[in-house]
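See below for the structure under consideration.
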Amino acid sequence: LTNHLPALVSYVGADYRYRFANAAYKAQLGIPAPYPLGQHVREVLGEALFTAREPDMRRALAGEVVSVELALPTQGGADRVYAVTYVPNDQDPGDGFFVMGLDITDRAEAQQALRAADRRKDEFLAMLAHELRNPLAPLVNVAQLLGQGEADTAALRSCSAILRRQVQHMS
């Protein structure tokens, strides 16, 4: 049944050797059947990925469910993002753990696009606030002068010109 799931599924023993890997797992890693059965995780994933994930594997062997997001290369070279969960074998604790991965690349890309859109929105609002504050300062000054009630005709014309110019700028 697990060979027909879209998820990556494998079972790794306490010795870090594969005991099971479904077709999706093998396809993602570019592994021909029956490989990786019996192979050490280090040999299949490579030293760097094994070293990075080995603490999570130890936690799974100790009975803890561990979830991580991983970017894994594909046959075409582009990375795919997976939500990977290491699940201990409750039937035989310490014997091994299941590794289940779901492709969440589309979700990860959508989240990245949302973060970029949010950043652009923040930049736009900051620029808009700046553009509105600049013409408001002279308007506040004119309002204070007019509020004093001591302006002569020349000052009123000057204030009127400032108001007109700043309102045109804002519109």
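The values are calculated or read from the model by the stated rules, or taken from the named source; none is laboratory data. Since the model is a prediction, treat every value here as computed from it, not as a measurement. Backbone-built Cβ (ideal geometry, glycine too); neighbour counts: all protein chains shown. In case anyone asks, the SASA skips ligands and DNA or RNA and just uses the protein heavy atoms, side chains included. Shrake-Rupley method; radii C 1.70, N 1.55, O 1.52, S 1.80 Å.
Structure values in brief
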{"read-out": "V84 being aliphatic (A, V, I, L, M) and loosely packed, with under 13 Cβ neighbours inside 10 Å", "value": "no"}
{"read-out": "Number of the exception - G101 against (1) open to solvent by 60 Å² or more (accessible area, probe 1.4 Å); (2) over 14 Å from the mean Cα position of the chain (by Cα)", "value": "(1)"}
{"read-out": "Residue check, A126 of a type in the set (A, V, I, L, M, F, W, C), modelled with pLDDT of 90 or more and out of contact with any helix residue (DSSP H, G or I) (no Cβ under 7 Å at 6 or more places or on another chain)", "value": "yes"}
{"read-out": "Residue match in segment 118-137 (condition: open to solvent by 40 Å² or more (accessible area, probe 1.4 Å), under 20 Å from the mean Cα position of the chain (by Cα), over 19 Å from F20 (Cβ atoms) and in contact (Cβ under 8 Å) with a residue 12 or more places away in the chain)", "value": "no"}
{"read-out": "Any hit, segment 24-41, residues being at pLDDT 90 or above, aliphatic (A, V, I, L, M) and not in a strand (DSSP E or B)", "value": "yes"}
{"read-out": "Members of segment 138-155 found to be open to solvent by 50 Å² or more (accessible area, probe 1.4 Å) and in a loop (DSSP other than H, G, I, E, B), listed by number", "value": "G149, E150, D152"}
{"read-out": "Residue list for segment 55-88, restricted to those being assigned to a helix (DSSP H, G or I) and under 23 Å from the mean Cα position of the chain (by Cα)", "value": "P55, D56"}
{"read-out": "Hey, S158 open to solvent by less than 80 Å² (accessible area, probe 1.4 Å), of a type in the set (S, T, Y) and over 28 Å from A52 (Cβ atoms) or not", "value": "yes"}
{"read-out": "Within segment 45-81, tally of residues that are open to solvent by less than 50 Å² (accessible area, probe 1.4 Å), within 13 Å of Y16 (Cα to Cα) and not small (G, A, S)", "value": "7"}
